[in-house]
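A.B. asks: Starting off with a structure, shown below.
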Amino acid sequence: FCYFYCVHNPYLSYILRVCQVYILRFYFVSFLWHCYLKKSMQPEAKFYKELKKNIPHILWNRLENLSLLGMPDLLGYNKKQCFFTVELKVVKSNKIKFSPHQIAWHRTHPENTFIMVKALDPCSLKTSSISMFHGSSIMALARYGMKVPACACGFPACALMFDEIGLTLENLGA
């Protein structure tokens with residue numbers, strides 16, 4: 001009955017066609033966005049799985065945030081009940097690319113933020129293929145890339161840094 005009524009009423013028929021066009025556009029744009037994310041985030045997704053496997057005692061939450069640009073990729077929670085964020089980067093050279101939003105995030109939030117970089121060509125580096133930097137050093141990383149000294153190299157050293165977050169003189173009883 002509704003379809004018959006819409007076909008014979010020009011106004012309702014027009015509204016039905018417009019709605020169909022918008023629905024098709026929505027699904028098409030969603031499909032394209034999904035394909036883009038799948039293609040562009042693949043190395044970082046593999047890096048995340050590797051990180052999760054090598055540092056299992058930290059509770060990791062992957063943040064897929066399209067509304068708050070620059071938000072880091074991971075939210076971590078350690079045994080001292082402290083949160084921290086980690087931006088994951090996979091690089092093929094010494095240069096690390098950051099969006100202006102990522103730079104703004106780390107400049108605004110300099111404490112308990114980290115940038116973990118996996119170098120796909122570790123032969124050119126004198127350190128491990130996994131390097132970690134404090135978020136406060138993002139300007140130097142954007143300018144000098146992997147030439148900036150890392151605060152930790154390799155998964156075991158990174159795990160120790162994550163475990164120390166929240167460790168203060170008050171916690172030690174001093």
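The values are calculated or read from the model by the stated rules, or taken from the named source; none is laboratory data. Computed from a predicted model, the values in this text were never measured in an experiment. All Cβ positions, glycine included, derive from the backbone under ideal geometry; neighbour counts span all protein chains shown. SASA here: full protein model, heavy atoms, side chains in, ligands and nucleic acids out. Shrake-Rupley method; radii C 1.70, N 1.55, O 1.52, S 1.80 Å.
A.B. asks: Inside segment 136-156, can you point out the residues that are in contact with a helix residue (DSSP H, G or I) (Cβ under 8 Å, 6 or more places away or on another chain) and hydroxyl-bearing (Ser, Thr, Tyr)?
C.D. replies: Answer for segment 136-156, where residues must be in contact with a helix residue (DSSP H, G or I) (Cβ under 8 Å, 6 or more places away or on another chain) and hydroxyl-bearing (Ser, Thr, Tyr): just SER136.
A.B. asks: Kindly check whether there is at least one residue in segment 106-116 that is in a loop (DSSP other than H, G, I, E, B), farther than 22 Å from PHE162 by Cα and either among the aliphatic types (A, V, I, L, M) or out of contact with any helix residue (DSSP H, G or I) (no Cβ under 7 Å at 6 or more places or on another chain) (or both). Walk me through how you get there before you give the answer.
C.D. replies: Step one: list which residues in segment 106-116 are in a loop (DSSP other than H, G, I, E, B), which gives 109-112.
Add one more test, that the residue is farther than 22 Å from PHE162 by Cα, and what stays is none.
The answer is no, given that none of the residues of segment 106-116 is in a loop (DSSP other than H, G, I, E, B), farther than 22 Å from PHE162 by Cα and either among the aliphatic types (A, V, I, L, M) or out of contact with any helix residue (DSSP H, G or I) (no Cβ under 7 Å at 6 or more places or on another chain) (or both).
A.B. asks: Checking LEU68 against (1) in a loop (DSSP other than H, G, I, E, B); (2) surrounded by 13 or more Cβ atoms within 10 Å (Cβ to Cβ): exactly one of these is not met. Which one?
C.D. replies: Condition not satisfied by LEU68: (2).
A.B. asks: Turning to a different aspect of this structure: When TYR77 is evaluated against the numbered criteria (1) surrounded by 12 or more Cβ atoms within 10 Å (Cβ to Cβ); (2) modelled with pLDDT of 70 or more; (3) under 14 Å from the mean Cα position of the chain (by Cα), which criterion, by number, is the only one it fails?
C.D. replies: (3)
A.B. asks: Quick one: in segment 42-61, which of the residues that are modelled with pLDDT of 90 or more and touching a Leu at 6+ places or on another chain (Cβ under 7 Å) is most open to solvent (accessible area, probe 1.4 Å)?
C.D. replies: ASN61
A.B. asks: Quick one: LYS38 ticks every box in (1) within 20 Å of the chain's Cα centre (by Cα); (2) assigned to a helix (DSSP H, G or I); (3) modelled with pLDDT of 70 or more; (4) farther than 27 Å from GLU164 by Cβ except a single one, so which number is it?
C.D. replies: For LYS38, the failing item is (3).
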